[in-house]
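Asks: My questions all concern the structure below.
The values are calculated or read from the model by the stated rules, or taken from the named source; none is laboratory data. Note that the structure is predicted; figures quoted are calculated from it, not measured. For neighbour counting, all protein chains shown are included, and Cβ atoms are generated from backbone atoms with ideal geometry for every residue, glycine included. Ligands, DNA and RNA are excluded from the accessible area calculation, which covers all protein heavy atoms including side chains. Shrake-Rupley method; radii C 1.70, N 1.55, O 1.52, S 1.80 Å.
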Amino acid sequence: IPLTVAEIKGTKRSEKFMLIHGHMDSWYLGTTDNCTGNAALLELARLFEKNKTKLKRSVRFAWWSGHSTGRYSSSTWYADNNFHDLDKNCFLSMNIDSPGVLGASELGGGGLMGTMKTIRQAAEDATGQTDIESKAYYMRAGDQSFYGIGIPSIAVRAYIPEGSPHRGKWIGGSGGAWWWHSPQDTIDKGDKNNLLRDMKMEALAIRRSLNSKILPFDFAEVADMYSNT
């Protein structure tokens, strides 16, 4: 199955990299799951390539196949076959799935291994909103095939609020949209202004992570999570 990877080298710690990834396979047309995500990955790759002389660490972009049809088979294969490189050099991952959804106005973010404060701060700074919720993500959904290696993760999300005509019941993707995984996920379900907003959050989180003097992890968060479970 197809697997597309692009890498942009940093100027100082080029062996260390952040992995930014999403899936290219979709149900039907799949505008908001995950054509918008693929577009975001392409544009972010273009922007970071254009500004690569300003990056300290490297960034690697990956477009997975087998997300739904193989249940994360492509990212699992990548984790298996690049285990040593990922274990030694990948300091953080970010999954981009279903950005730019029509009506998605509730912002959130999260991750594991002490990254929640970092992603919430980046989202707030990029958007000016101060009510952004962040939480720990434990599930493997979103091609999180790298937890077993011990790689921390972050993600930003935008959701359709309760009571909106765009929202479905018990819907997991497309920001909670009723059209998720259906033939109705057509181009009119995307919102270019929301996509720009979501990309600003992602771009700021990536840039800060690549250039920070100290990696953006708060292990006190991790200790609190263990003590509360």
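Asks: To the nearest 10 Å², what's Lys56's accessible area with a 1.4 Å probe?
Replies: Accessible area of Lys56: about 60 Å².
Asks: If each residue of separation counts as 0.36 nm, what is the full-extension length gain between Thr53 and Lys9 once their alpha-carbon separation is subtracted?
Replies: 15.0 nm
Asks: Give a quick list of chymotrypsin sites (Phe, Trp or Tyr not before Pro) in region 138-180 that DSSP marks as loop, anything other than H, G, I, E or B, with at most 15 other Cβ atoms within 10 Å.
Replies: When the chymotrypsin sites (Phe, Trp or Tyr not before Pro) of region 138-180 are filtered for loop state and at most 15 Cβ neighbours within 10 Å, Tyr138, Trp170 remain.
Asks: Expressed as a rounded percentage, what relative contact order does the chain have, with Cα pairs under 8 Å and six or more residues apart?
Replies: On the way: 483 pairs, mean separation 61.0, N = 229.
Relative contact order of the chain: 27 percent.
Asks: Which distance in Å, rounded to a whole number, links the C-alpha centroids of region 28-69 and region 181-229?
Replies: 13
Asks: What's the carbon and sulfur percent of region 104-172's accessible surface, probe 1.4 angstrom, rounded to a whole number? Let's see the in-between values first.
Replies: Working: 1740 of 3400 Å².
Of all accessible area on region 104-172, carbon and sulfur atoms account for 51 percent.
Asks: Here's a follow-up. I'd like the carbon and sulfur percentage of the solvent accessible area for region 16-78, probe radius 1.4 Å, heavy atoms only, ligands and nucleic acids excluded. Before the final figure, lay out each step's value.
Replies: Numbers: 1540 of 2490 Å².
Looking at region 16-78 in its full context, I get 62 percent from C and S.
Asks: Also, quick follow-up: Please compute the Kirkwood hydrodynamic radius over region 1-135, one decimal place, Å, based on all pairs of different Cα atoms.
Replies: On the way: mean 1/r = 0.0621 Å⁻¹.
Roughly 16.1 Å, rounded to one decimal.
Asks: To one decimal place, what orientation-averaged projected area in nm² is obtained for the convex hull of the Cα set of region 153-195? Numbers along the way, then the final one.
Replies: Numbers: hull surface 15.3 nm².
Mean orientational projected area (region 153-195, Cα hull): 3.8 nm².
Asks: Where does the chain land on Rg(C-alpha)/(2.2 N^0.38 Å)?
Replies: Expressed relative to 2.2 N^0.38 Å, the Cα Rg reads 0.97.
Asks: So what is the accessible area of the chain per residue, in Å², with the probe set to 1.4 Å?
Replies: 49
Asks: Output the peptides 35-48, 114-127, 205-218 sorted from most to least packed, where packing is the average of other Cβ atoms within 10 Å over each peptide's residues.
Replies: Peptide ranking by packing, descending: 114-127, 35-48, 205-218.
Asks: OK, next. So if the hydrodynamic radius of region 1-50 is defined as the Kirkwood radius over C-alpha pairs, what does Stokes-Einstein give as its diffusion coefficient at 4 °C and 1.567 mPa s, in µm² per second?
Replies: Reported coefficient: 104 µm²/s.
Asks: Let me ask something else. Give me the percent of the accessible area of region 174-229 that comes from carbon and sulfur atoms, probe 1.4 Å, all protein chains in place.
Replies: Roughly 61 percent of what the probe reaches on region 174-229 is carbon or sulfur.
Asks: Evaluate the charge dipole of the chain about its Cα centre and quote only its size in Debye, nearest 20, assuming +1 on the Cβ of each Lys and Arg and -1 on the Cβ of each Asp and Glu.
Replies: Working: 27 positive and 25 negative charges, 181 e Å.
For the chain, the charge dipole is close to 860 debye.
Asks: If you project the alpha carbons of region 86-209 onto their three principal axes, what span does each projection cover, largest first, in Å?
Replies: Projected onto its principal axes, the Cα set of region 86-209 covers 45, 30, 22 Å.
Asks: Please enumerate, by chain and number, the aspartates and glutamates with C-alpha under 18 Å from the C-alpha of Lys192, excluding those fewer than 8 residues away in the same chain.
Replies: Asp33, Glu43, Asp97, Glu106, Glu202
Asks: Which whole number of Å³ per residue matches the convex hull of the alpha-carbon atoms in region 97-158?
Replies: Spread over its residues, the Cα hull of region 97-158 gives 81 Å³ apiece.
Asks: Further, regarding this structure: Could you name the lysines in cross-link range of Lys189, using Cα to Cα under 18 Å and dropping any fewer than eight places away on the same chain?
Replies: Lys169
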